[in-house]
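Reading through the structure tokens given below for one structure.
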Amino acid sequence: MRFGLSQNDDHAAIELTPMIDMVFLLLIFFLVATTFHQEEREMKVALPFAQAAGPISQTLRQIIINVDEEGAIIVGGRTLDARALRELIEEAVERNPEQKVVVRGDRRTVYANVVDVLDLCKQAGIQEPFLETVLQE
């Protein structure tokens, strides 16, 4: 029995097809599994500046409340009144006592509008509502 190179084995080559297949499968997986933007973050709300602002951790159960320039309360793309917002928060607190709430108030709105929303959160059972700001550059 002779062990040697045959004429076909002169040039060893690496098969790239399986590697390319895996790269495309990973690319598709990450494109499907990634959330690019949340609807609440896409709203045109000009946040106030702060010296010590930082990113917040994203949790699946977080409620994001936007207060626009005119004082309208917007949650999940829907405009709510104070009563509907309180009911929404109370239901969320019933399901999850450690419910997290982020209030995003437009810097041009009357501060009383943001305070009213924060007050509603406290009354509905939110222990520590978070007031989101952006870092001043």
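The numbers here are math on the coordinates, done by the rules we state, and not lab data. Everything quoted here is computed from the prediction, not taken from an experiment. Reconstructed Cβ throughout: ideal geometry from the backbone, glycine too, with neighbour counts over all protein chains shown.
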Would you kindly state how much longer the chain becomes between V32 and V115 on full extension, computed as 0.36 nm times their sequence separation minus their alpha carbon distance, in nm to one decimal? 26.0 nm
Using the Cα centre of region 39-135 as the reference point, and only Cβ charges (+1 on K/R, -1 on D/E), how large is the resulting charge dipole? Debye, rounded to the nearest 20. 200 debye
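Want the number for E98 to Q136: 0.36 nm per residue separation, take away the alpha-carbon distance, what's left?
10.7 nm
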How far apart, in nm, are two points set 7 Å out from the Cα along the Cα-to-Cβ line at D21 and at R78? 4.7 nm
Quick one: work out the % antiparallel among DSSP beta bridges in region 39-135, nearest 5. 40 percent
Suppose R0 equals 25 Å. What FRET efficiency, 1/(1 + (r/R0)^6) with r the Cβ-Cβ distance, do E128 and E70 give to the nearest 0.05? 0.40
